[in-house]
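Since the structure comes first, as structure tokens, the remarks are kept for the end.
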Amino acid sequence: MSIFKTVQASVADILASLVEEGALTLTAPLPAFVVEPPRDPAHGDMATNAAMTLTKLAGKPPRAIAALIKPKLEALPMVESVAIAGHGFINLRLKPEAWQGEVKEILTAGLAYGDSNLGQKQKVNVEFVSANPTGPMHAGHVRGAVLGDTLCRLLTKAGYDVTREYYMNDAGTQIDVLAKTTHLRYREVLGEDIGAIPEGFYPGEYLKEVAAALVKRDGDKWLGQPEEIWLAPVRRFACDYMIEAIKEDLALIGIKHDVFTNERVIVEDGTLDKVYKILDEKGLIYVGTLPPPRGKEMADWEPVPLTLFRSSQFGDDVDRPLKKRDGTWAYVMPDMAYHYDKVQRGFQYMINILGTDHGGYLERLRPCVAAFSNGTARLEVIFNNIVKIYKNGVPVKLSKRSGNLITLREMVEQVGVGAVRFFMLTRAPDSELEFDFAKVVETTRDNPVFYVQYAHARCCSVLRNAAAMIPDLDASAQALARLDLSALKEPEEIALIRALAGWPRAVEAAAIAQEPHRIAFFLLETAAAFHGFWNKGNDNAALRFIMTDQPDLTRTKMALVKAVQTVLASGLAVMGCEALEEMKNDETITA
């Protein structure tokens, strides 16, 4: 249990004891309250709003309730002082041994430090990437891929049972274009002069690879055949080939999906008819008309009878058509059937990662999920904005292989996996992101991934140097956790431990908010705290990690270094980034 939860549990016990003693009479059960770092560190180590949450239930002013809580908090062994502030906030300062104990907690837990039971093993489906299998993964896909995979890692650490899913849009016009372009390249591989690629076809040279593979499998079987003969088999071959290529590209950055669901299967196996029947039996389908689109002047607009889903019963602002005017399925129907399938598979919690060009998606699909699950399942959508690619400040757009954008493979080959993944999470997903190849490989503090990885590498270097100085040093986490850490009492040391102790809170907060970029921010703040501590050691010998004339004190300080290394490694694991043990820097890192 993290130190913040330990204190929170103590406050809850205190409130329960005040009720039992009759000092507080509540009209309802204890409400939720928080124990968190105060906005101003000068106010203490922790603050709680417990007294303020009880005002109405207890019929007392918050400061009066805080006065009842204060002496009981002061009696706790770990508490050094308690102060009441403002309208009833309670600020606490902990004794050094409380923070020394947290170092032991970190060392004992190892990379599992920060693990939480917040999710209670609830099944959650995270659908991400889901790019049309018409080309290689490019920069426009990478951000959503990293965002989705990191969210999965985060939710797993927070105690959820996570399934990673890829929805293949392998039905529709764009897939027919893929097949036709593949067949054109197939004819080219077999020696035919095909001339320029027609407008509307896919121009990238990657389809030469697909065509060559088709020739290897089928020879000239499809040469000279009419389109109605070769279209379906070539379409299936091209889709299968491209999805395998996409899997290989994703594997380059450590991403592997658990489930691949095909739109074509959903369209062809009768699921759409089944969903329609279910909604009809629930009385949620009728024939009616819709008002004209908002914000558009349409002088010739006339209401037309449509088959509508009563989505307004589930919070939508308008009922949604399920069929077009010609009686064919509306665009939303395959997505509705897909989410019905998710509900049938037992998912009560679903998160989709989509580009900002999918505006309105959540409004259309959330009512469907509510209808299918009788209101028990929930769907969330995280929208990620575009990535602009630069090199030395100059926009980079073209790629010979993909025909339009820089591919994921090209990004990884130029800057490495860690840089690609970390940089994709340096901004909130709804913000535009600039990815500059030159800046991403800089070995300076302005490069966030280098700044964090160098902090981890510094920890490893200190531990190696200490082992060289003290031959019998056991620098394992288990051995260091058994040491007497009472010498870790300098204010700067306590401040560094406080920063590390924020990791469990950061995990839960990021998981609740579904904001994995918070992990990147936490790592940057923790790295800054460590680098800053390191620099202070240049002026204050008492803060240096290795004391050549004091091996016992050095052992104690190695426990703190190991704790920093552990928390950084735990965070980098959630980010899907390697925790490097050695790095070369071109300048001295300062906080």
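In this structure, I175 does satisfy being under 30 Å from I382 (Cβ atoms) and β-branched (V, I, T). For segment 44-82, a residue qualifies if it is of a type in the set (S, T, Y) and either buried (at least 20 other Cβ atoms within 10 Å of the Cβ) or not assigned by TED's automatic domain parsing to the domain that holds E20 (or both), and exactly one does: T48. Please indicate, with yes or no, whether at least one residue in segment 418-436 is over 26 Å from K584 (Cβ atoms) and part of a helix (DSSP H, G or I). No, that holds for no residue.
If you go through segment 140-193 and keep only what is closer than 25 Å to N385 by Cα and among the acidic types (D, E), you end up with D149, E165, D170.
A single member of L488, L523 is more than 21 Å from M547 (Cβ to Cβ), out of contact with any strand residue (DSSP E or B) (no Cβ under 8 Å at 6 or more places or on another chain) and hydrophobic (A, V, I, L, M, F, W, C), and it is L523. Would you mind telling me which numbered condition in (1) touching a residue at least 12 places away in the same chain (Cβ under 8 Å); (2) surrounded by fewer than 18 Cβ atoms within 10 Å (Cβ to Cβ); (3) over 28 Å from V267 (Cα atoms); (4) hydrophobic (A, V, I, L, M, F, W, C) F201 fails? Failing condition for F201: (3). Apart from one condition, Q478 fits all of (1) under 35 Å from the mean Cα position of the chain (by Cα); (2) part of a helix (DSSP H, G or I); (3) buried (at least 17 other Cβ atoms within 10 Å of the Cβ); the exception is (3). Restricting L306, L272 to residues that are in contact with a Leu (Cβ under 8 Å, 6 or more places away or on another chain) and surrounded by 12 or more Cβ atoms within 10 Å (Cβ to Cβ) narrows the list to L306.
Taken over segment 241-269, residues that are surrounded by 15 or more Cβ atoms within 10 Å (Cβ to Cβ) and charged (D, E, K, R) amount to 4.
From the residues in segment 492-528 that are without any contact (Cβ under 8 Å) to a residue 24 or more places away in the chain and of a type in the set (G, A, S), which one is surrounded by the most Cβ atoms within 10 Å (Cβ to Cβ)? Residue satisfying both the conditions and the ranking: A509. Does V129 satisfy being without any contact (Cβ under 8 Å) to a residue 40 or more places away in the chain, out of contact with any Pro (no Cβ under 9 Å at 6 or more places or on another chain) and either over 21 Å from G204 (Cβ atoms) or crowded, with 23+ Cβ neighbours inside 10 Å (or both)? So V129 fails the test.
Yes or no, residue by residue, for (1) in contact with a Gly (Cβ under 8 Å, 6 or more places away or on another chain); (2) under 20 Å from E578 (Cβ atoms); (3) basic (K, R); (4) modelled with pLDDT of 95 or more:
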{"position": "F422", "(1), (2), (3), (4)": "no, yes, no, yes"}
{"position": "F435", "(1), (2), (3), (4)": "no, yes, no, no"}
{"position": "C459", "(1), (2), (3), (4)": "no, yes, no, yes"}
{"position": "R464", "(1), (2), (3), (4)": "no, yes, yes, yes"}
{"position": "A477", "(1), (2), (3), (4)": "yes, yes, no, yes"}
{"position": "R482", "(1), (2), (3), (4)": "no, no, yes, yes"}
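In segment 359-403, the qualifying residues are those that are under 23 Å from A511 (Cα atoms) and assigned to a helix (DSSP H, G or I), and the one that is modelled with the lowest pLDDT is Y361. Of the residues making up segment 259-287, just one is small (G, A, S) and modelled with pLDDT of 95 or more, namely G283. Residue-level check: of (1) touching a helix residue (DSSP H, G or I) at 6+ places or on another chain (Cβ under 7 Å); (2) buried (at least 19 other Cβ atoms within 10 Å of the Cβ); (3) not small (G, A, S), D316 misses just (2).
Checking each residue in segment 59-116 for being free of Cβ contacts under 8 Å to residues at least 24 places away in the same chain and acidic (D, E) picks out E74, E80. Restricting segment 150-175 to residues that are of a type in the set (G, A, S) and within 27 Å of A330 (Cα to Cα) leaves a set whose member that is surrounded by the fewest Cβ atoms within 10 Å (Cβ to Cβ) is G172.
The values are calculated or read from the model by the stated rules, or taken from the named source; none is laboratory data. Source: prediction; values computed, not measured. Every residue, glycine among them, receives a Cβ derived from its backbone with ideal geometry; neighbour counts consider all protein chains shown.
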